[in-house]
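Asks: Before we start, here is the structure in question, set down as structure tokens.
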Amino acid sequence: MTKSLTVLATLLFLASCVFASAQEPPERGTFADVNRYAQQRSVKIYGAGGLKQLEAYQSGFLVSAEGHIATVASLVLDQDRVTVLLSTGQRLEARVVGIDPLMDIAVLKLDTDETDLPHFELHGSPMVFEGMQVLAFSNLYNVATGDEPVSVLHGVVSVVAPLEARRGAFSTRYRGEVYIVDAATNNPGAPGGVLVDLGGQPLGMLGKELKSELTGTWLNYVLPLDKVAGSVDRVLSGELGTAPGAGSELPESPATFAALGIRLVPSVVQRTPPYIDAVLSGSPAASAGLMPDDLVISLGGIRTGTYRDVETALAQTPIDQPVRVTVLRGNLLVDVELLPMP
């Protein structure tokens, strides 16, 4: 009897260890433990890819038990739905919940009813320091196309410094601190991947492929966890999003681009960001100080993540009433009120 109870207690203890290892980071565990933990929470994302044969894949990681995913905002997401591969090989569709235009971070939601998916907790307070050993998990170069594990790179945090980077004509809007990593982390397919410490605790998100404005060399950098968490929180709270809500009634005479005095960058892909291309002289937009390259993120209280969102918001805006417009200029939010011209 005593022997049976001992065996039962041992089995229960081992079962509890297995359950705990699936839910909590393995504190100072073996590499195999940390790798298994991070792989279960990493995903591969396939979508549009955009123009000029840009890659149509990137990385992401689960941030909720219900299937929310944090990743970078990119041309891969330039369609209403994308395909996500889990570590199990399961292939699911996901929709874009919202985008933080300042941080270039997007949040997706898997089409699933599951409520116990393994995920990273974003609201910790990791201590990151120069010389710290780290692991980067991502679908680097699309090596893992099915249920194969994503790539793992080992490196160290070289320096914590402000991000001053660009790619072609694009200059990053976020200029806060990032972790520069001594490892080739930011290559095709890697953006959106996760950086963890040797215990499996998340430290941040692998950023887009960018070059240093100072040296012209490609950067291997990571957006800090608290910045990622802030973007995810803003999206899930409804503060940031991509689609406007449908109005109950449309006005007989809605506002137009011409009535506001703005022209947006032409819509060339499904999710073209609503950047202002030109401001008409003497128009309400010109009087309010709107400028080319401003990114329209809200119009009339409706979130606008794409060109089509602005069109839909204008259709719900009466031409004879003032409309509040919020734009992102560099890393500053600018609010103006425009009275459309009849």
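Asks: Does Ala285 fit the bill of being free of Cβ contacts under 8 Å to residues at least 60 places away in the same chain, surrounded by fewer than 20 Cβ atoms within 10 Å (Cβ to Cβ) and of a type in the set (Gly, Ala, Ser)? Let's see the steps before the verdict.
Replies: On the way: free of Cβ contacts under 8 Å to residues at least 60 places away in the same chain: yes; surrounded by fewer than 20 Cβ atoms within 10 Å (Cβ to Cβ): no; of a type in the set (Gly, Ala, Ser): yes.
No.
Asks: Of all residues in the range 181-204, how many are in a loop (DSSP other than H, G, I, E, B) and either on the phi > 0 side of the Ramachandran plot or without any contact (Cβ under 8 Å) to a residue 60 or more places away in the chain (or both)? Spell out how you get there, then give the answer.
Replies: Taking the range 181-204 first, the residues in a loop (DSSP other than H, G, I, E, B) are 182-193, 198-201.
Add one more test, that the residue is either on the phi > 0 side of the Ramachandran plot or without any contact (Cβ under 8 Å) to a residue 60 or more places away in the chain (or both), and what stays is 182-187, 189, 192, 200.
Adding up the residues that qualify gives 9.
Asks: Looking at the range 141-158, which of the residues that are β-branched (Val, Ile, Thr) and at pLDDT below 95 is surrounded by the most Cβ atoms within 10 Å (Cβ to Cβ)?
Replies: Residues of the range 141-158 that are β-branched (Val, Ile, Thr), as a first pass: 143, 145, 150, 152, 156-157.
Then keep just the ones that are at pLDDT below 95; that gives 143, 145.
Working: Val143: 13, Thr145: 11.
Checking each candidate, the answer is Val143.
Asks: Sticking with this one: State yes or no: is Leu135 assigned to a strand (DSSP E or B) and either charged (D, E, K, R) or over 14 Å from the mean Cα position of the chain (by Cα) (or both)? Steps first, please.
Replies: Details: assigned to a strand (DSSP E or B): yes; either charged (D, E, K, R) or over 14 Å from the mean Cα position of the chain (by Cα) (or both): yes.
Answer is yes for this residue.
Asks: Another question, if that's okay. Could you list all residues from the range 53-89 that are touching an Asp or Glu at 6+ places or on another chain (Cβ under 8 Å), part of a loop (DSSP other than H, G, I, E, B) and surrounded by fewer than 19 Cβ atoms within 10 Å (Cβ to Cβ)?
Replies: Within the range 53-89, Ala65, Glu66, Thr88, Gly89 meet the criteria.
Asks: Something else now. Working carefully through the options Val178, Val228, find the one that is in a helix (DSSP H, G or I), β-branched (Val, Ile, Thr), at pLDDT 90 or above and closer than 30 Å to Leu85 by Cβ.
Replies: Numbers: Val178 fails: in a helix (DSSP H, G or I).
Every option except Val228 fails the conditions.
Asks: A further question on this structure: For Val156, work out the one condition from (1) under 30 Å from Arg303 (Cβ atoms); (2) part of a strand (DSSP E or B) it doesn't fulfil.
Replies: It is condition (1) that Val156 fails.
Asks: Among (1) under 26 Å from Glu24 (Cα atoms); (2) among the polar types (S, T, N, Q); (3) surrounded by 14 or more Cβ atoms within 10 Å (Cβ to Cβ), which single condition is Ser125 missing?
Replies: Of (1) under 26 Å from Glu24 (Cα atoms); (2) among the polar types (S, T, N, Q); (3) surrounded by 14 or more Cβ atoms within 10 Å (Cβ to Cβ), only one is false for Ser125: (3).
The values are calculated or read from the model by the stated rules, or taken from the named source; none is laboratory data. Owing to the predicted nature of the structure, the values given are computational and were not obtained by experimental measurement. Reconstructed Cβ throughout: ideal geometry from the backbone, glycine too, with neighbour counts over all protein chains shown.
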